[in-house]
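Chemist: The structure's right below; bear with me while I get my questions together.
The values are calculated or read from the model by the stated rules, or taken from the named source; none is laboratory data. Being a predicted model, the structure only gives us computed values, none of them experimental. No Cβ is skipped: glycine too gets one built from the backbone with ideal geometry, and neighbour counts run over all protein chains shown. With ligands, DNA and RNA removed, areas are computed over all heavy atoms of the protein, side chains included. Shrake-Rupley method; radii C 1.70, N 1.55, O 1.52, S 1.80 Å.
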Amino acid sequence: MKVAVVGTGYVGLVTGTLLAEIGHHVTCIDLDEAKINQLQSGVPTIYEPGLEELLVTNIEQNKLNFTTNHAEAFQNADIILLAVGTPKGTNGEADLSYIQAAAKTIATTVKEDVVVMIKSTVPPGTNDQVERLIRQQLVHNVTVDVVSNPEFLREGHAVEDAFHGDRIVIGSEKTDAGELMTKLYEKLDMPILHTNRRSAEMIKYAANAFLAVKISYINEIASLCDAIGADVSDVADGMGMDHRIGRAFLNAGIGYGGSCFPKDTDAIAHLAKEQNTPLTIVESAIDTNRKQRQKFINKMDRYFGSQLTNKKIAILGLAFKPNTDDLREAPSLEIIDALETKGAIVSVYDPIITHPKSATSIIECVTEADAIVLVTEWQDFITADWPTITKTVAEKLIFDGRNALPASRLQQEGWTYIGIGKERK
Ligand code: UDX
């Protein structure tokens, strides 16, 4: 099939590349000409393991191309996939201005019947609104049907999740539109759930909000573990052995960041409040997550007796999670600000992202450090040369914001290890 993808962020770019890889002809559109030119030359604009080779191969095989020209991309398209941003609005609601702009462009451009597939994360009811908007503004006498196809890609694993995700969700109001989606994805070995549009939109929000609740739940349990001397990692292991709970997303730490959980939890909480059915559990998870960073900062402040002035603190990790170059809502930024406000001298190292305080290596970052703070659990930090690090720091003190480092081994080498939910009594 011929597919036009509007938006070349990590969802649009990864999905467009996936669809080309499974045999479709894909044209990706973006307003940013520099971005389009870079992508057309086979150079990804985001860091996603496995993306570059797929991009280059499919461009070379003429199955994937990039343009800023909507009319060219929409011509003879069977499907137009919307993957534009839906950022957080001023009151936490989803800002749908990019979706509405794309809908208007479609309405005034398409000359043949087409199915519009909304992959962007949008509040339930948006697909209906977009279909109405397009039909009201159509210039040519064609049929446009809108279907919902939410994405479940994790940054840093987006290519893996695109090809081997847990499910594909299709929300449609007309059988033939739904069947076209089945055909689009037929080469993928993933179960497909067919439902109506509003349910498909809700599945995305309900799933993301639940994952955020799960994270905030274990972070609260971690605070209790610190108070009573239990080990939250063992508690999570024991909980996760129950198939009804599952071990994933029970890693206590400094809380969730990124472009999805903070935005999606705020959006669904906002919508629910508007509907007079507030999601108090989600609201509580949002609040817990906000406090989690401050709790970690307080741990450091307490340890130094509120005397952080001129202390050299080495921050390991900037990205909101490993294997990504994304700083959106990254805990690192808040932690760096807080430490510098308290007078600490901060050095930073991240394998991918640079920062004004970036060192060129882990060793340079930790040299003469009075404390190391692990903020992002990059594999590079876990497998780093800890014997050399031990000889390089001024003080063998580590605050592990992701409980990612081998506490007992470090303690045997004389380190004071402070994690989250790991305090001994
Ligand atoms: C998330 C959802 O997982 C994905 O399905 C959806 O499509 C987009 O949002 P993403 O935000 O890319 O994906 O990353 P994810 O791996 O889910 O982690 C989100 C945040 O939660 C990160 O800040 C991570 O550090 C944190 N996290 C994750 C925890 O604090 N504990 C955990 O156990 C897991």
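Chemist: Nothing charged except the Cβ atoms of Lys and Arg (+1) and of Asp and Glu (-1): what's the magnitude of the dipole of region 1-120 about its Cα centre? Round to the nearest 20 debye.
Modeler: Around 240 debye, computed over region 1-120.
Chemist: Then there's this: Go through region 325-340 residue by residue and turn each phi into a ³J(HN,Hα) via Karplus (6.51, -1.76, 1.60, θ = phi - 60°); whole Hz please, and just put x for glycine and proline.
Modeler: Once rounded to whole Hz, the list reads 10, 8, 9, 4, 6, 6, x, 3, 5, 5, 5, 4, 4, 4, 5, 5.
Chemist: Something else about it: First check a/c for region 260-375, with a ≥ b ≥ c the square roots of the eigenvalues of its C-alpha gyration tensor; if it is under 1.5, answer rounded, and if not, answer prolate when a/b is larger than b/c or oblate otherwise.
Modeler: Oblate, because a/c is 1.5 or more while a/b does not exceed b/c.
Chemist: Setting aside same-chain residues fewer than 8 positions from Lys214, which aspartates and glutamates have a Cα under 17 Å from its Cα?
Modeler: Result set, ordered by chain and number: Asp234, Asp237, Asp242, Asp264, Asp266, Glu283, Asp287.
Chemist: Could you give P(r) for the chain, binned at 10 Å from zero, as whole percent values over all Cα-Cα pairs?
Modeler: Histogram of Cα-Cα distances, whole percents per bin: 4, 20, 27, 23, 16, 8, 2, 0.
Chemist: Which lysines does Lys174 reach when only Cα atoms under 16 Å apart count, and residues fewer than 8 places away in its own chain are ignored?
Modeler: Cross-link targets: Lys183.
Chemist: Let me ask you something else. Using the heavy atoms of the protein chains and a 1.4 angstrom probe, tell me the accessible area per residue for the chain in square angstrom.
Modeler: Solvent-accessible surface per residue comes out at 44 Å².
Chemist: Can you spot the aspartates and glutamates whose alpha carbon is less than 17 Å from Lys104's alpha carbon? Ignore those fewer than 8 places along the same chain.
Modeler: Straight-distance partners of Lys104: Asp30, Glu72, Asp95, Glu112, Asp113, Asp128, Glu131, Asp145.
Chemist: Taking all protein chains in place and a 1.4 Å probe, what share, in percent, of the accessible surface of region 194-310 do carbon and sulfur account for?
Modeler: 57 percent
Chemist: While we're here: Can you work out ³J(HN,Hα) from phi for every residue in region 99-111, in order, using Karplus 6.51 cos²θ - 1.76 cosθ + 1.60 and θ = phi - 60°, giving whole Hz and x for Gly and Pro?
Modeler: My calculation for region 99-111 gives 5, 5, 5, 5, 4, 5, 4, 4, 4, 8, 10, 5, 10 Hz in order.
Chemist: Now a separate question. Picking from Pro123, Ala34, Ala162, whose Cα lies most toward the positive end of the charge dipole for region 2-195 (charges on Cβ: Lys, Arg +1; Asp, Glu -1)?
Modeler: Pro123
Chemist: List every residue whose amide H lies under 5 Å from the amide H of Ile46, counting only residues 5 or more places away in sequence or on a different chain, with H placed 1.01 Å from N in the peptide plane.
Modeler: Under 5 Å from the amide H of Ile46: no residue qualifies.
Chemist: Turning to a different aspect of this structure: Given H placed 1.01 Å from N in the peptide plane, which residues other than close sequence neighbours of Arg154 have an amide H under 5 Å from its amide H?
Modeler: Excluding prolines and chain starts, which carry no amide H, the hits are Asp161.
Chemist: Just to confirm the filter: which GluC sites (Glu not before Pro) across region 52-115 are DSSP coil and have at most 12 other Cβ within 10 angstrom of their Cβ?
Modeler: Here no loop site has a sparse enough neighbourhood.
Chemist: Please list the non-local residues whose amide H lies under 5 Å from the amide H of Val147, H modeled 1.01 Å from N, same-chain partners needing a gap of 5 or more.
Modeler: Those lying under 5 Å, H to H, from Val147 are Val116, Met117, Ile118.
Chemist: Considering the dipole of the chain built from charges on the beta carbon (Lys and Arg +1, Asp and Glu -1) around the Cα centre, which of Val366, Val146, Gly23 is farthest to its positive end?
Modeler: So the residue we want is Val366.
Chemist: OK, next. In debye to the nearest 20, how big a dipole does the chain give about its Cα centre with +1 on each Lys and Arg Cβ and -1 on each Asp and Glu Cβ?
Modeler: My answer is approximately 900 debye.
Chemist: While we're looking at this one, here's another question. Based on the alpha-carbon gyration tensor of region 2-195 and its eigenvalue square roots a ≥ b ≥ c, which shape applies: rounded if a/c is under 1.5, prolate if not and a/b is larger than b/c, or oblate?
Modeler: Rounded, because the longest to shortest axis ratio a/c is under 1.5.
Chemist: Next question, about the same structure. At a threshold of 8 angstrom on Cα-Cα distance, excluding pairs fewer than six apart, so keeping six or more, what relative contact order does region 188-254 reach in percent?
Modeler: 30 percent
Chemist: Say the dipole of the chain comes from +1 at the beta carbon of Lys and Arg and -1 at that of Asp and Glu; which of Asn298, Val114, Thr392 then lies farthest toward its positive end?
Modeler: My answer, from the dipole projection, is Asn298.
Chemist: With charges set only on the Cβ (+1 for Lys and Arg, -1 for Asp and Glu), what does the dipole of region 1-61 come to about its Cα centre, in debye to the nearest 20?
Modeler: Dipole about the Cα centre, nearest 20: 180 debye.
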